[in-house]
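The values are calculated or read from the model by the stated rules, or taken from the named source; none is laboratory data. Since this is a predicted model, take the numbers as computed values, not measurements. Note that each Cβ is placed from the backbone with ideal geometry, even for glycine, and that neighbours are counted across all protein chains shown.
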Amino acid sequence: MVILREGICPGINEEFIKALQSEDIKTVEDFVSCNPEELAQKCSLSYKALVAVRRVLLAQYTAFPVSGADLYEELLSSTAILSTGNPSLDKLLDSGLYTGEITELAGSPGSGKTQVCFSVAVNISHQLKQTVFYIDTKGGMCANRLLQMLQSKTPNMEEQMEALQKIKVLRVFDVFSLLACLQNLRSNGLQKASVGGGSVKALMVDSVSAVLSSMLGGKQNEGMSLLMQVAGELKMIARDFSIAVLVTNHVTKDGNGHLKAGLGQSWSHVPRTRVLLQRIEGAETSSLRTATLTKSSRQACHLVEGFDLCHWSEERRTSISGKRKLEERSKP
Amino acid sequence: MHRTVPSLPLAPSVKVKLINAGFQVASDLIDMRPLQLCKEAGISQEEAVEVLQMLRDDGQPHQQRAATESLTALDLLHQEQALGSIVTFCSALDDALGGGVPVGKTTEICGSPGVGKTQLCMQLAVDVQIPVCFGGLGGKALYIDTEGSFLVQRVADMAEAAVQHCTLLAEDTGLIQLYPFEFIYETQNKILSNIFLVYLLPDFLSEHPEVRLVVIDSIAFPFRHDFEDLSQRTRLLNGLAQQLIQLATQHSVAVVLTNQMTTRVSNGQSKLVPALGESWGHAATQRLILHWEGLRRLASLYKSPSQMEATIQYQITVQGFRDAPDEPRPTPATSAVSSPSGNHSKHPRMEDRS
């Protein structure tokens, strides 16, 4: 619902609006759904002017259908797949993070979500030389760790500094600031960052549950609306700017004591791909983790890969956990 | 700004009326006068004034900066190096933490009774005041005690030992302490007064910019008994966690919280885990778990964005929190968290002063 106001289109001035308001027409929708002939008779406005304004408004505010073939062509040319830097994770995600989509990492505290985000950021800024936006809501962003990861990739100081400059960090701590931040990125932030060569290829939000979980539940009636607004902003950013969006989420236990990602059923429809990270109980090294694919539109679910948090170039496969996870999930 | 009306921090009823009147973005509202807004949206005069006030505040430089300006990771690196960390006087723990308790982040210390959480907190409160010339931060500490375990005499002993360590005489310890109002009020108010306290902290910290450490000992105590609605507790805790990390970041302070342990029974086995639930585990940036192994005290770094997991041994002496004496011992357990530690009651301090 867009209000009719001076200046949204040439030909609309104060008297025009006053005349329309006397007929109880306040928004563009009301105006466009009226018959111009009748309107010309009721108000003292010329038919020609009304039709001209109507045409301009329709052109400005309607959505135009796109053919499937065009959409497919566009998708082929604009989608990129960003490697996470870890071959096992890439295998799980069908070669990496896809731009234009939201991918979610869920896990209990200390399971490695932030580390995976760091690794992706470092990989994109160093390997692919693209800009990354990192929205930190928990204070977990540690530039020192990014530097450590870069140092293990290249001993060249200049390259490290350049890569660090391509990672842009925004720190927000509540849901309204997060929404302000995302809306600002969508309206001018991302375009500004693309000026000067580097284009933005990824946006990370660590974590989205930290700001939303306190708003959901109980007698609060705004939580769902805010969750959907955040989801909407992320999807629009991903789609309009061809960016890969990576979000992290916490986990809760369901009725049977199994781990599942937080924020409930409504949020579960938002990301296209969801991965659950877990520690391995009783492993010799404490840095081994397993990643389970819980939702994907490309691969069979419940694929499991093991990986080591220490070294991003190494991968370790564990064959036991795969069977265990499948058994657990096949229980009704 | 291109903020949409549903995303503004206003009461839901006001927002519904604004949207029904056709306002979509914040820029639609900015040029309106209160009376005009009142008539068009059907909200009361006070609500209209509030809405316009909020929009004007939102356009203020420092609010905008947080949401719109980004730092590059390089700038952040310089900032982190400038902020530094607070040493614990236990070199093994300092190494595990990457120099000490980091300023600008929240650290949670969990442990069973008597293992040394309050000792560590008091040690940190002393250590934050080590002058810059000795490699410290030269800041002040704010100690919020909810359990009544803060002993001035003990802190004085620790401070003396620290001073001797630095071979310099400090005239006052410069500790600021707030006793929460809970000693007078009933259970309900205990929780409320703690939450109010956290909302008052930003102003307090703006007035006292030299404070570099805020200790809340313990965060678990007010939330653990007599809370009927557990989901409400979880929400309150999450909100509190976000407030604290915002405080830590904006005022460059290290926030240290202590937590208690609870028993989780699964598959017929019991295990000690940190209290306050699963989602509280995500709240702090770093988590340190102190536990017993026989007669030895161990500290495990369970969760950290920049450091690897490690378990180190420490001891509590007359001088305070220190390294354990070197002795031939077997390799410490790395999956220390899952090993159940015995339910030791609080050891009398005499035993440890050896």
- List the pairs whose first member sits in the range A:71-100 and is without any contact (Cβ under 8 Å) to a residue 40 or more places away in the chain, whose second member is assigned to a strand (DSSP E or B), and whose Cβ atoms are under 6 Å apart, counting only residues at least 6 apart or on separate chains? A:81/A:98; A:95/A:81; A:96/A:81; A:96/A:82
- Restricting attention to the range A:132-183, and to residues there that are among the aliphatic types (A, V, I, L, M) and free of Cβ contacts under 8 Å to residues at least 12 places away in the same chain, which single residue is nearest to residue B:102 (Cα to Cα)? A:161
- Message: What's the total number of residues in the range B:75-95 that are of a type in the set (A, V, I, L, M, F, W, C) and crowded, with 21+ Cβ neighbours inside 10 Å?
- Response: 6
- Query: Among the numbered criteria (1) outside the structural domain of residue A:261 (by the TED database); (2) among the small types (Gly, Ala, Ser); (3) not in a helix (DSSP H, G or I), which single criterion is violated by residue A:100?
  - Reply: (1)
- Note on the structure: If we ask which residues in the range A:222-268 are in contact (Cβ under 8 Å) with a residue 40 or more places away in the chain, within 22 Å of residue A:75 (Cβ to Cβ) and within 12 Å of chain B (Cβ to nearest Cβ), their number turns out to be 2
- Return the residue satisfying two criteria in turn: it lies in the range B:292-329 and is touching a strand residue (DSSP E or B) at 6+ places or on another chain (Cβ under 6 Å) and over 18 Å from residue B:87 (Cα atoms), and of such residues it is surrounded by the fewest Cβ atoms within 10 Å (Cβ to Cβ). B:296
- If you go through A:187, A:199, A:214, the only one that is more than 9 Å from chain B (Cβ to nearest Cβ) and either more than 19 Å from residue A:141 (Cα to Cα) or out of contact with any His (no Cβ under 9 Å at 6 or more places or on another chain) (or both) is A:199
- Message: Being in contact with a strand residue (DSSP E or B) (Cβ under 6 Å, 6 or more places away or on another chain), in a loop (DSSP other than H, G, I, E, B) and among the hydroxyl-bearing types (Ser, Thr, Tyr) is the filter here; which residues of the range A:103-140 pass it?
- Response: A:108, A:111
- Task: Out of the residues in the range A:238-283 that are of a type in the set (Lys, Arg) and not in a strand (DSSP E or B), state the one that is surrounded by the most Cβ atoms within 10 Å (Cβ to Cβ).
- Result: A:272
- Report whether or not residue A:170 is within 8 Å of chain B (Cβ to nearest Cβ), surrounded by 24 or more Cβ atoms within 10 Å (Cβ to Cβ), of a type in the set (A, V, I, L, M) and outside any helix (DSSP H, G or I). yes
- Only residues that are among the hydrophobic types (A, V, I, L, M, F, W, C), over 39 Å from the mean Cα position of the chain (by Cα) and closer than 25 Å to residue B:5 by Cα: list them for the range A:18-35, please. A:20
- Output for Cβ contacts, cut-off 9 Å, separation at least six or different chains, first residue without any contact (Cβ under 8 Å) to a residue 40 or more places away in the chain in the range B:104-117, second of a type in the set (Gly, Ala, Ser) and buried (at least 24 other Cβ atoms within 10 Å of the Cβ), reads none
